[in-house]
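Here the structure is laid out as structure tokens; the discussion comes afterwards.
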Amino acid sequence: MKTPCSSSCGCASAETDTAVATPVAIARVNGVALHLADEKLSDDELRQRACTELLRQAALSAGLLGADDVSADGVPSEAASEAIERLLEQSVQTPEPSEEACRRHHAAHAAHYRIGERVHVRHILFAVTPGVDVVALRKRAEGALLDVRSHDGTGDPFVEAARKLSNCPSGAEGGELGWLTAQDCAPEFAREIFGQSEVGVLPRLVHSRFGLHVVDVRQREAGADQPFEAVHGAVAMTLRQQTYVTALRQYLALLAGQAEIEGVELDAADTPLVQ
């Protein structure tokens, strides 16, 4: 039983422990809050809000947004979103890729432009959701990968693991996804699966926007390679997108280097990187 406190200790009750809530540190960009005090965000969500706020403030400084615009705890107004688009059009310039660069890219990544390729796949998904302990999740996924790759040949441990562990509805079917084309998958998932020759349980985890995947490639049907002339437009679009992403990251790093940022980690630079 708890020993009663003296009346001079300042407790609200001498007989009852008083729970004191630990205040949540609020992340800010130049003093502007990115979230509510009781709002829990993943690291990725917090970084996304910080980048958006950096861009909103840059649009304000550039005169593209009215001074009366106020960020609602990291969520930009419609006017701010439009101003950010105009800011990026002005500030993030990307050159057109040359034909030589396009040809080099096509020669190095011809398999990515193959048509008709299909892969019969099953997977075990370890979903990354807000608040999840990613380190612990990775350990579980790596443990499952090791288990299904080192089985003794009796039964089908992949089916059992998928039914028990997978966060995808396909888990009920042993992780079965059936025959897929690259267009059926998230691009980052497709890059790991298509244009390869591996068959069987892949020796690595596959990362996607949905989480970590243990992947079993059961069969492959090779497609047909496309000549450069047939895919020139798609190749150029890919290179433009890659260049834009790099330029945007550099621009955000420059803005971060000039800002006072609290409670969130961003790459920062103190010299202009975008020409």
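The values are calculated or read from the model by the stated rules, or taken from the named source; none is laboratory data. Quantities reported herein were computed from a predicted structural model and do not represent experimental measurements. Every residue, glycine as well, gets a Cβ built from its backbone with ideal geometry; the counts of neighbours run over all protein chains shown. In case anyone asks, the SASA skips ligands and DNA or RNA and just uses the protein heavy atoms, side chains included. Shrake-Rupley method; radii C 1.70, N 1.55, O 1.52, S 1.80 Å.
Some notes on this structure:
- Summed over the stretch 76-88, residues that are open to solvent by 40 Å² or more (accessible area, probe 1.4 Å) and in contact with a helix residue (DSSP H, G or I) (Cβ under 8 Å, 6 or more places away or on another chain) total 2.
- Filter pass, A108 being surrounded by fewer than 15 Cβ atoms within 10 Å (Cβ to Cβ), more than 30 Å from R149 (Cα to Cα) and not acidic (D, E): yes
To keep it simple, each residue is scored yes or no on (1) in contact (Cβ under 8 Å) with a residue 40 or more places away in the chain; (2) under 17 Å from P203 (Cα atoms); (3) touching a Cys at 6+ places or on another chain (Cβ under 9 Å); (4) open to solvent by 90 Å² or more (accessible area, probe 1.4 Å).
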site: A136; (1), (2), (3), (4): no, no, no, no
site: A141; (1), (2), (3), (4): yes, yes, no, no
site: A144; (1), (2), (3), (4): yes, yes, no, no
site: R149; (1), (2), (3), (4): yes, yes, no, yes
site: G155; (1), (2), (3), (4): no, no, no, no
site: R163; (1), (2), (3), (4): no, no, no, yes
site: C168; (1), (2), (3), (4): yes, no, no, no
site: G174; (1), (2), (3), (4): yes, no, no, no
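- Among the candidates A58, A14, A50, residue that is over 18 Å from G263 (Cα atoms), open to solvent by less than 80 Å² (accessible area, probe 1.4 Å) and either modelled with pLDDT of 90 or more or part of a strand (DSSP E or B) (or both): A58
- Filtering the stretch 68-99 to residues that are among the polar types (S, T, N, Q) and touching a residue at least 60 places away in the same chain (Cβ under 8 Å) leaves S91, Q93, T94.
- Positions within the stretch 92-105 being open to solvent by 50 Å² or more (accessible area, probe 1.4 Å) and either more than 28 Å from L252 (Cβ to Cβ) or assigned to a helix (DSSP H, G or I) (or both), in sequence order: E99, E100, R103, R104
- Test: residue in the stretch 163-183 that is modelled with pLDDT under 95, touching an Asp or Glu at 6+ places or on another chain (Cβ under 9 Å), aromatic (F, W, Y) and at negative phi: no
- Top-ranked residue in the stretch 228-252 [being closer than 10 Å to P97 by Cα and touching a residue at least 24 places away in the same chain (Cβ under 8 Å); ranked as most open to solvent (accessible area, probe 1.4 Å)]: R240
- All positions within the stretch 121-134 that are open to solvent by 30 Å² or more (accessible area, probe 1.4 Å), within 26 Å of E198 (Cβ to Cβ) and either in a loop (DSSP other than H, G, I, E, B) or touching a residue at least 12 places away in the same chain (Cβ under 8 Å) (or both): V128
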